[in-house]
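A.B. asks: I'd like to ask some things about the structure below.
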Amino acid sequence: MNSAASPVGLSVGALGSASLVRFLPEPTKAVYFVVAALLLGLGATLLWLPSAGRRAPGAIRSLVPEARIPRSARRTMAATMPVAAATWALAGFYLSLGPVLAHAMTRDGSVLVGGMALVALFVPGALAIVVVRRWRDRSTLLTGVLALISGILLTVLAVQLGSAPLYFAGTAVAGVGFGSGYFGAMRMTLPLCGPHERIGMLSSIYVICYLGFSVPAVAAGLLVPVAGMKNTTLIYGLALVLAAVPALVLIAKGTGANRFNLAAASSAAS
């Protein structure tokens, strides 16, 4: 639920805010009034929700941030976190430059077109999480990595060719990679720590993902005036593809180890 909530919120926010800007007066204010009202309503419901944790002394101390990666998870995280960061770097790219690309491809300057470009990424991401939630963790991550690489390459090709249909198709495939890649990385890393280590580990994961969400997008924005939109998309896409390679190596090693173990067990049985 936590993994699916982000792309669902991003989809609704993108298309909803674009609709508010397009159809309501005061386009620079209406979005914020609506969001503020929603936050106040949701915040009020917290007063009636029971606490999920037990009461313990040290309320002030509990507010100190904790980010820690246990030794048992470091090797796996070194392979999976580049993928997780790449999925959010892809989201950051679309949120910053995706609408501009969509407008250029379709030759339509409507804010709804920019919103649809984001929906094309995030809706498949949410649906992918729902579909793969019962799969094995390696299968989930492998699906995410392959879809991420394929979608990025299709999108880069679409930008080079100026093809709007290919751009939206590549975006949808990349969206599948966004959802299942991030979800698979989480599923492969979180079980490697104990319950008392989960808070620090989850905080570390979010620090990595949010850095990937923000820093590359700002770098891309600075690169556009120098290299142009096409070259920036090419460089950004290739960087994300390279970030997915360690996860492929991890999956390949795990598959090879599993085959070796099965062969050894079969030999011992015979």
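Just so you know, all these numbers are worked out from the coordinates, no wet-lab data involved. Keep in mind the model is a prediction, meaning the values are calculated, not measured. Cβ placement follows ideal geometry from the backbone for every residue including glycine, while neighbour counts extend to all protein chains displayed.
A.B. asks: Counting Lys and Arg as +1 and Asp and Glu as -1, each charge on the Cβ, what is the dipole of the chain about the Cα centre in debye, to the nearest 20?
C.D. replies: 800
A.B. asks: Decide, for the stretch 164-219, between rounded, prolate and oblate: order the square roots of the alpha carbon gyration tensor eigenvalues as a ≥ b ≥ c, take rounded if a/c falls under 1.5, and otherwise choose prolate if a/b is larger than b/c, else oblate.
C.D. replies: Oblate, because a/c is 1.5 or more while a/b does not exceed b/c.
A.B. asks: Going toward the positive end of the dipole of the stretch 53-117, with +1 on Lys and Arg Cβ and -1 on Asp and Glu Cβ, which of Gly114, Ile69, Leu95 do you reach last?
C.D. replies: Among Gly114, Ile69, Leu95, the one farthest towards the positive end of the dipole of the stretch 53-117 is Ile69.
A.B. asks: Would you work out which of Ile205, Ala147, Ala243 lies farthest towards the positive end of the dipole of the chain? Charges go on Cβ: Lys and Arg +1, Asp and Glu -1.
C.D. replies: Farthest towards the positive pole: Ile205.
A.B. asks: Only Lys, Arg, Asp and Glu count, each charged at its Cβ (+1, +1, -1, -1), so figure out the dipole size of the stretch 1-140 about its Cα centre, rounded to 20 debye.
C.D. replies: For this selection, approximately 800 debye.
A.B. asks: What does the highest-first list of 103-111, 202-210 look like by mean Cβ count within 10 Å?
C.D. replies: 202-210, 103-111
A.B. asks: Follow-up. At 0.36 nm per residue, minus the direct Cα-Cα distance, what do His196 and Arg55 gain on full extension? Give it in nm, one decimal, please.
C.D. replies: Residue separation times 0.36 nm, minus the Cα-Cα distance, leaves 49.2 nm.
A.B. asks: The stretch 33-111 to the stretch 116-172: how many Å between their Cα centroids?
C.D. replies: 19
A.B. asks: Turning to a different aspect of this structure: Expressed in nm to one decimal, what extension gain is obtained for the pair Ala36 and Leu234 from 0.36 nm per residue of sequence separation less their Cα-Cα distance?
C.D. replies: Extra length from Ala36 to Leu234 when fully extended: 67.5 nm.
A.B. asks: Select from Gly115, Gly151, Gly200 the residue whose mean-square fluctuation is largest in a Gaussian network model of the chain (Cα-Cα springs shorter than 10 Å).
C.D. replies: Gly200
A.B. asks: What shape does the chain take by its C-alpha gyration tensor, where a ≥ b ≥ c are the square roots of the eigenvalues and a/c under 1.5 counts as rounded, a/b above b/c as prolate, and the rest as oblate?
C.D. replies: oblate
A.B. asks: Now, a different point. So what's the Cα pair-distance distribution over the stretch 107-238, bin width 5 Å, in %?
C.D. replies: All Cα pairs, binned at 5 Å, distribute as 2, 10, 15, 19, 21, 14, 9, 6, 3, 1, 0 percent.
A.B. asks: Rounding to the nearest 20 debye, state how big the charge dipole of the stretch 120-248 is about its Cα centre with +1 on each Lys and Arg Cβ and -1 on each Asp and Glu Cβ.
C.D. replies: The dipole magnitude comes to about 260 debye.
A.B. asks: Take Glu26 and Met1, extend 7 Å from each Cα along the Cα→Cβ direction, and tell me the distance between the two endpoints in nm.
C.D. replies: Inter-label distance under the simple model: 3.5 nm.
A.B. asks: Taking a ≥ b ≥ c as the square roots of the Cα gyration tensor eigenvalues, with a/c under 1.5 meaning rounded and otherwise prolate when a/b beats b/c, else oblate, which class fits the stretch 61-176?
C.D. replies: Note, shape of the stretch 61-176 comes out prolate.
A.B. asks: Enumerate the amide H contacts of Leu24 below 5 Å, restricted to partners 5 or more residues apart or on another chain; note that Pro and chain-start residues carry no placed amide H.
C.D. replies: Correct list: empty.
A.B. asks: What percent does the relative contact order of the chain come to when contacts are Cα pairs within less than 8 Å and at least six residues apart?
C.D. replies: The normalised contact order for the chain reaches 28 percent.
A.B. asks: Where does each of 89-95, 43-49, 173-179, 240-246 land if you order them by average Cβ count within 10 Å, highest first?
C.D. replies: Peptide ranking by packing, descending: 173-179, 89-95, 240-246, 43-49.
A.B. asks: Ok, one more. With unit charges on the beta carbons (Lys and Arg positive, Asp and Glu negative) and the dipole taken about the Cα centre of the stretch 1-150, which residue among Ser51, Met1, Val21 sits farthest to the positive side?
C.D. replies: My answer, from the dipole projection, is Ser51.
A.B. asks: Hey, rough spin-label estimate for Arg68 and Ala104, points 7 angstrom out along Cα→Cβ, what's it come to in nanometres?
C.D. replies: Label at Arg68, label at Ala104, 4.7 nm between them.
A.B. asks: While we're here: Give me a comma-separated list of calculated 3J(HN,Hα) values for the stretch 22-27, in order, Karplus coefficients 6.51, -1.76, 1.60 applied at θ = phi - 60°, integers in Hz, x for any Gly or Pro.
C.D. replies: 6, 10, 9, x, 6, x
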